[in-house]
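Some notes on the structure that comes next.
The values are calculated or read from the model by the stated rules, or taken from the named source; none is laboratory data. Just so we're clear, the structure is a prediction, and the values are computed from it rather than from any experiment. Methodologically, a virtual Cβ is constructed for each residue, glycine included, from the backbone with ideal geometry; neighbour enumeration extends over all protein chains shown. The protein model used for the area step is the full one, side chains on, heavy atoms only, and it has no ligands, DNA or RNA in it. Shrake-Rupley method; radii C 1.70, N 1.55, O 1.52, S 1.80 Å.
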Amino acid sequence: MQTLDRRLFLRSGALGLAATALPFGSLLAAGNKMNTGSSAALIVVDVQNCFVPGGTLPVGKGDEVVPVINRLGAAFANVVMTQDWHTPGHASFASTYPGKKPFEMTKLAYGQQVLWPDHCVQGTEDASLHKDLKIPHAQMIIRKGYHKDMDSYSAFEEADHKSSTGLAGYLKQRGIKTVFVTGLATDFCVAWTAMDARKLGFETYVVEDATRGIDLNGSLAAAWKQMTAKGVKRVQSADILG
Ligand code: VGL
Ligand code: ZN
């Protein structure tokens with residue numbers, strides 16, 4: 001019931017705007033219920049071997065996002081992907097610190113950091129995009145987390161909240177106003193990317209069934225709560241594609 005209400009609301013809202021403010025078709029790409037045209041972008045976060053079962057930091061059922069993201073990708077004019085891209089001996093790896101174990105916390109220059117298993121090391125097969133991800137018209141792959149002393153969950157800015165990746169400039173210079181965030185993991189790189197997108201002025205949606213979470217000590221519920229509080233909207237792929 002709730003889903004139906006939301007879908008009707010989203011549909012009538014989008015069509016109403018198209019009918020009143022813009023020539024029909026400029027807002028809605030053919031057949032889609034939401035704006036997937038030239039002023040929107042699909043952001044595909046970290047759909048890499050490291051984050052699916054068999055990888056070095058597997059997200060439960062992470063591979064299940066791939067077909068959903070492929071379907072979404074086909075509907076969007078603009079698609080941008082990210083790739084977690086760490087140096088060997090990276091500051092976010094537990095193995096960098098004697099006596100530390102994966103999933104413990106530590107304090108770094110920019111604040112608290114979860115320590116992870118070694119993952120997504122530059123140039124390795126583990127760091128490659130998932131082989132079944134098929135979005136040939138994706139326009140950019142932005143790499144992040146490549147500074148040895150600093151992590152970057154967000155596709156927009158690194159963990160010091162000062163160093164920019166350049167993605168906001170790229171999207172803004174291309175006239176993109178709305179972003180739909182998908183990928184792995186919901187409670188880390190997807191959530192941080194979505195909250196930064198909102199902060200940077202983009203209308204921001206997370207497509208829930210196109211994400212999976214790590215859920216470390218309740219981090220998945222906490223991430224949804226924070227995202228919602230910051231104005232990120234939660235939708236399903238069917239709300240977009242029908
Ligand atoms: C991620 C933990 C460490 C993610 C990346 O993609 O969500 N999580 N590095
Ligand atoms: Zn990482």
Yes/no for residue 20 being open to solvent by 10 Å² or more (accessible area, probe 1.4 Å), farther than 21 Å from residue 234 by Cα and either at pLDDT 95 or above or among the basic types (Lys, Arg) (or both): no
Tabulated pairs, the range 42-58, first under 26 Å from residue 168 (Cβ atoms), second away from ligand 1 (no atom under 11 Å from the Cβ) and among the charged types (D, E, K, R), C-beta under 8 angstrom, 6+ apart or interchain: 48/126; 50/126
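Any residue that is of a type outside the set (A, V, I, L, M), surrounded by fewer than 15 Cβ atoms within 10 Å (Cβ to Cβ) and without any contact (Cβ under 8 Å) to a residue 12 or more places away in the chain - is there at least one of those in the range 141-148?
no
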Is one or more of the residues making up the range 177-198 under 20 Å from residue 229 (Cα atoms), within 16 Å of ligand 2 (Cβ to nearest atom) and in a loop (DSSP other than H, G, I, E, B)? yes
With the structure loaded, tell me whether residue 102 is open to solvent by 40 Å² or more (accessible area, probe 1.4 Å), in contact with a Ser or Thr (Cβ under 9 Å, 6 or more places away or on another chain) and not polar (S, T, N, Q) or whether it fails that test. yes
List the residue pairs whose Cβ atoms are under 8 Å apart, where the first residue sits in the range 83-111 and is touching a residue at least 12 places away in the same chain (Cβ under 8 Å) and on the phi > 0 side of the Ramachandran plot, the second is hydrophobic (A, V, I, L, M, F, W, C) and within 15 Å of ligand 1 (Cβ to nearest atom), and the two are 6 or more positions apart or on different chains. 103/94; 103/114; 103/115; 103/116; 103/216; 111/159
Only one residue in 137, 119, 161 is open to solvent by 40 Å² or more (accessible area, probe 1.4 Å), assigned to a loop (DSSP other than H, G, I, E, B) and under 28 Å from residue 54 (Cα atoms). Which one? 137
